[in-house]
Amino acid sequence: MKIDILLGLQWGDEGKGKIVDVLTPQYEIVARFQGGPNAGHTIEFNGAKHVLHLIPSGIFHKDKINIIGNGVVIDPVVFRREVESLGLGTEEVRERLLISLKAHLIMPTHKLLDAAHEASLGEAKIGSTLRGIGPAYTDKASRNGLRVGDLLRKDFREFYRTRVNDHLRILQGYGYINDLKALEEEWFDAVEFLKKFNTVNADYHIDMALRAGKRVLAEGAQGTMLDIDFGTYPYVTSSNTVAAGACTGLGIAPGRTGDVFGIFKAYCTRVGSGPFPTELDDADGQRMRDLGNEYGATTGRPRRCGWLDLPALKYAIMINGVTQLFMMKADVLSGFSEIKVCHSYTVEGKEQTELPYCLYDIEGLNYRSFRGWDCDITRCSSREELPVELKEYIGFIEKETGVPVTIISVGPDRSATIRG
Ligand code: GDP
Ligand code: IMO
Ligand code: MG
């Protein structure tokens, strides 16, 4: 079998959690491949809403295995809180979850470093979620990280202390002096909790599962435009959010990847700083925010909103090799008399569809207008039932990208999903 990959094509929050939950019945294993508690994946069913940060979005299904891959950075404190808030019971979660021994740990000082670094940037701040993501991946890349497998070492505390001392020297440079005692107590308690969970060589585990004919879905976090290499650098996260990240974040050879499901909103959002060419600072943007409830699932920050950016979407499709598109939140556009899509940029006086090196270099945006629809689509259960204007909009995206839209989401609940 080959592993399918599901990932975001925009700036995150496309609705990955919802769709992973919807697709889980078709798979035996769901595996998160990168990111950490910066992610907030929302799942709604039976009138309840759950937000996941570290735990893969297949967790609510019985008899399915969820894996936290080596590419993920885990904060034990967030992990513990999350397990305890799922409403499943720790034992149930334990049975459904495996954690890679090679996943890195977020330490209390990583969060302090994140805050100190962001504060030092002033106006130029990234708008990080301040969950310690950047510093944890920095330590991973500089070969100073602590991994889940290290928790079994007898000298773990000393190993930890050496790292903390390095961090404290940097923090002192920033003028950041913080009492660590309470944070460390909470962290070490949470580490004991984490140690009760099953750890594996996830690479071998997934290999065996695929050989045995099991179906595996890789779940991404963030989105392509936040990728450390291909996103709007430096306003990005610190991991590879693209399809290649599933290979390195789980130990999958490139030839063993199957479908790549690319998720995008029918419009665009971004939370945090950085370029966002189609951003709307007007009533339309506010309407998207209100109707789409565009407030961060992790930080509660209002999300910036704007029209669909086709050059950026096509770029993401190219980088990821997307085979199927899933369009989310079409219902949020109901009631707009006109819907716009940016189909090209003007750069140095010329029209182009390629993304320039720096998106701040875009001088103008060229839009195509579509007629809106004014009916409730949240109860539609097939593509045929959708208003003709929305079908036109989707048809245009399929024609422009050359990729079929095979899921259309029309509401936050599991059930508000049109397939095929
Ligand atoms: P993720 O990070 O990609 O999993 O997405 P988030 O959970 O951060 O943000 C998506 C938000 O949109 C959540 O509040 C979802 O409940 C909600 N959502 C998902 N799909 C739809 C949809 O089709 N329509 C509406 N109105 N909301 C949706
Ligand atoms: P999900 O998985 C949206 C953004 C932050 C900030 C930048 C860097 O829910 O789609 P970081 O904390 O990684 O140092 O922040 O990336 N960001 C996200 N935006 N959705 C996310 O995850 C995000 N994770 C990080 O707002 O701009
Ligand atoms: Mg999110």
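The values are calculated or read from the model by the stated rules, or taken from the named source; none is laboratory data. Here the structure is a predicted model, which is why all the values come from computation and not from measurement. Here Cβ is always computed from backbone atoms with ideal geometry, including for glycine, and neighbour counts include all displayed protein chains. Surface areas here come from the heavy atoms of the whole protein model, side chains and all, with no ligands, DNA or RNA. Shrake-Rupley method; radii C 1.70, N 1.55, O 1.52, S 1.80 Å.
Quick notes
- Two-site FRET efficiency, residue 295 against residue 86, from Cβ-Cβ distance with R₀ of 22 Å, rounded to 0.05: 0.55
- Relative intensity, log₁₀ I(q)/I(0), of the chain from a Debye sum that treats every alpha carbon as a point, q = 0.08, 0.14 Å⁻¹: -0.43, -1.29
- In a DSSP loop and with at most 15 other Cβ atoms within 10 Å, the trypsin sites (Lys or Arg not before Pro) in the range 328-407 are 379.
- Of all DSSP-defined beta bridges confined to the chain, some 40% are antiparallel rather than parallel.
- Relative to the 2.2 N^0.38 Å rule of thumb, the range 194-352 has a C-alpha radius of gyration ratio of 1.22.
- Between 154, 18, 196, the residue with the greatest mean-square fluctuation in the GNM of the chain (Cα pairs under 10 Å linked by springs) is 154.
- Stokes-Einstein D for the range 216-282, Kirkwood Rh over Cα pairs, 10 °C, 1.306 mPa s (µm²/s): 119
- Estimated vicinal HN-Hα couplings, Hz - the range 259-268 in sequence order (Karplus 6.51, -1.76, 1.60; Gly, Pro = x): 5, 10, 8, x, 9, 9, 7, 5, 9, 10
- Amide H partners (placed H, <5 Å) of residue 3, local residues excluded: 257, 258
- Across q = 0.11, 0.19, 0.24 Å⁻¹, the range 38-122 modelled as identical point scatterers on its alpha-carbon atoms has Debye log10 I(q)/I(0) values of -0.36, -0.90, -1.26, in the order of the q list.
- Grouping the Cα pair distances of the range 346-420 into 10 Å bins from zero gives a pair-distance distribution of 16, 34, 26, 20, 3 percent in increasing distance order.
- A Cβ-based charge dipole, computed about the Cα centre of the range 60-102 with Lys and Arg at +1 and Asp and Glu at -1, lands at about 140 debye.
- Apportionment of accessible area to carbon and sulfur, the range 301-419, percent (1.4 Å): 48
- Hull shadow area, averaged, the range 91-176 [alpha-carbon convex hull, nm²]: 7.1
- Across the range 338-344, coupling constants 3J(HN,Hα) worked out from phi with the 6.51/-1.76/1.60 Karplus curve, θ = phi - 60°, read 9, 10, 10, 10, 7, 9, 7 Hz, and Gly and Pro carry x.
- Amide H to amide H, with H built 1.01 Å from N, residue 30 comes under 5 Å of 65, 66, 67, 217, counting only residues 5 or more places away or on other chains.
- Ligands, DNA and RNA are left out, and with a 1.4 angstrom probe the accessible area of the chain is 42 Å² per residue.
- With all protein chains in place and a 1.4 Å probe, the accessible surface of the range 222-298 carries 50 percent carbon and sulfur.
- Cβ charges +1 (Lys, Arg) and -1 (Asp, Glu), total dipole of the chain, debye: 1160
- Cα pair distances in the range 172-244, grouped into 10 Å bins until the bin that holds the longest one, percent each: 15, 19, 30, 29, 5, 1
- Given charges at Cβ of Lys, Arg, Asp, Glu: the chain dipole, positive-most of 257, 37, 130: 257
- Along the axis of the charge dipole computed for the chain (Cβ charges of +1 for Lys and Arg, -1 for Asp and Glu, origin at the Cα centre), the listed residues 267, 356, 119 are led at the positive end by 119.
- Residue 141 paired with residue 49, simple spin-label distance in nm, labels 7 Å along Cα-to-beta-carbon: 3.5
- Placing +1 on the Cβ of every Lys and Arg and -1 on the Cβ of every Asp and Glu, with nothing else charged, gives the range 73-198 a dipole about its Cα centre of roughly 460 debye.
- Other residues whose C-beta falls under 12 angstrom from the C-beta of residue 190 contribute a net charge of -4, scoring Lys and Arg +1 and Asp and Glu -1.
- Of 178, 234, 210, farthest towards positive along the dipole that unit charges on Lys, Arg, Asp, Glu beta carbons give the range 176-267: 210
- Highest-fluctuation residue, 220, 134, 149 considered, GNM on the chain with Cα pairs under 10 Å: 149
- Per-residue Karplus couplings for the range 17-34, computed as 6.51 cos²θ - 1.76 cosθ + 1.60 with θ equal to phi - 60°, are listed in order as x, 4, 6, 4, 4, 5, 7, 3, x, 7, 10, 9, 9, 10, 10, 6, 10, 7 Hz, Gly and Pro entered as x.
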